[in-house]
Amino acid sequence: MSTKSLIFGDKVLLVIILLLSLFSFFPVFSSSSYLSYVVDGSSPIYYLVKHLIVLLFGIILMLSVKLVPFKLFKGMSLILLPIGLALLAYTLSQGTIIGGSAASRWIDIPLIGIGFQTSSFAAIIIITYTARYLSKVKLSETKFSQTLLPLWLPIFAYIFLILPANFSSAFLIFSALFVVFIISGFPLRHLFKMFLILTLLLIIFFLTAKAFPEKLPNRIDTWISRVENFGSNKNSDASYQIERAKMAINNGGLIGIGAGKSIMKNHLPQSNSDFIFAIIVEEYGIIGGSLIIVLYILMFFRILVITHRTDDRFGKILVSGLGIFIIMQAFTNISVATQIIPVTGQNLPLISSGGSSAWMTCISLGMILSVSSSIKNMNSEKE
């Protein structure tokens, strides 16, 4: 096997990652004008350079993680599991103002001025931990009661620490885990029991949050208002953003109005992150937006190929979990911009301007590439 294959892993997936990353500079530079001229009075160049630094560091992280033998991630997930819980609890207890929005999603990283979104880090930990557990036990011989402490307790702890401040991330993590359970052959009767327990816990959580809003940081009222305002003509921050996103997409038409010529970027507060897809369609048209969607679909199919080709059970479950989470995050962002679902606050992976969330995506992709390179290693040994 060539040295390049050892370093980079699956070349097709790597090309898709690089294409999305390189393209991201155009909409990030264009859409940053709102932040530059309306929010902080800086220059779009500042946000372009910041995005360059974040992405370069992310690519370095991805390639570094790729060099780690993926089976080591099993032990690392055990070590990181309590650390992730502590970070989530601390984040929920203090909260940070990001982009003018109050949310208990971030903690500040000293000196570099970037907020660390702990839920993204937690997603990697709990998906890896779950893959480790499911790969080492004989599911057909395991009773549901035997899974409560080692499996469901950590999962529910993570989900319910993320849920109050970041419902969409909690939902995406659980959805990715659900796919993992199906792929791993987890007994359906156990899944049914788990859903009953989860439903009961959710009811208790909602009732407690509504009864003691000052004691439990929550955004339940925000969730309810977003659903109520979805598709309505009521004036709210969410409906304001949705309407501007719709106008941006309408402006774009089939071929767009041209790179850097977006009109609505100056009226969308999150035009460089949550609603960057709307700016892409406005400037590059339905054709440009469709090409981005095609790249994510190709990424999804490439992840399926890696999942199918690996003979290692842990690697198969790990790639499917991390891959599904990234793809679901991408299509959640796109669905919000096109008013298919209410506003969620999810970034567009590898394209949206960001910091820690972009790094976590790169780490996840590095782990997937690590599994892919092991396939190449096994093939070369057979030859």
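Residues in segment 183-222 that are among the hydrophobic types (A, V, I, L, M, F, W, C), modelled with pLDDT under 65 and part of a helix (DSSP H, G or I): Ile220 alone. The set of residues in segment 306-326 being surrounded by fewer than 20 Cβ atoms within 10 Å (Cβ to Cβ) and in contact (Cβ under 8 Å) with a residue 24 or more places away in the chain consists of Arg309, Asp311, Asp312, Arg313. When segment 256-277 is filtered for residues that are in a helix (DSSP H, G or I) and at pLDDT below 90, the ones remaining, listed by number, are Met264, Lys265, Asn266, Ile276. In this structure, is Gly288 of a type in the set (Gly, Ala, Ser), in a helix (DSSP H, G or I), crowded, with 23+ Cβ neighbours inside 10 Å and modelled with pLDDT of 90 or more? Considered against the rule, which asks whether it is of a type in the set (Gly, Ala, Ser), in a helix (DSSP H, G or I), crowded, with 23+ Cβ neighbours inside 10 Å and modelled with pLDDT of 90 or more, Gly288 comes out as no. All of (1) within 26 Å of Val137 (Cα to Cα); (2) free of Cβ contacts under 8 Å to residues at least 24 places away in the same chain hold for Leu200 with one exception: (1).
Filtering Ser364, Ser373 for residues that are touching a helix residue (DSSP H, G or I) at 6+ places or on another chain (Cβ under 7 Å), of a type in the set (S, T, N, Q), surrounded by fewer than 24 Cβ atoms within 10 Å (Cβ to Cβ) and assigned to a helix (DSSP H, G or I) leaves a single hit, Ser373. One residue stands out in segment 102-131 among those that are in a strand (DSSP E or B) and either touching a helix residue (DSSP H, G or I) at 6+ places or on another chain (Cβ under 7 Å) or surrounded by 13 or more Cβ atoms within 10 Å (Cβ to Cβ) (or both): the one that is modelled with the highest pLDDT, namely Gln117. Note on segment 265-278: residues that are crowded, with 24+ Cβ neighbours inside 10 Å and more than 16 Å from Ser335 (Cβ to Cβ) total 4. Taken over segment 41-77, the residue count meeting the criterion of being over 15 Å from Ile363 (Cβ atoms) and either surrounded by 14 or more Cβ atoms within 10 Å (Cβ to Cβ) or touching a helix residue (DSSP H, G or I) at 6+ places or on another chain (Cβ under 9 Å) (or both) is 14. Of all residues in segment 179-190, those satisfying the criterion of being over 15 Å from Thr307 (Cβ atoms) and either touching a residue at least 12 places away in the same chain (Cβ under 8 Å) or of a type in the set (S, T, N, Q) (or both) are Phe186, Pro187, Arg189, His190.
Within the span defined as segment 309-323, one or more residues are assigned to a helix (DSSP H, G or I), of a type in the set (Val, Ile, Thr) and more than 16 Å from Ser352 (Cα to Cα).
The values are calculated or read from the model by the stated rules, or taken from the named source; none is laboratory data. Bear in mind that the values here come from a model prediction, so they are computed numbers and not experimental data. Methodologically, a virtual Cβ is constructed for each residue, glycine included, from the backbone with ideal geometry; neighbour enumeration extends over all protein chains shown.
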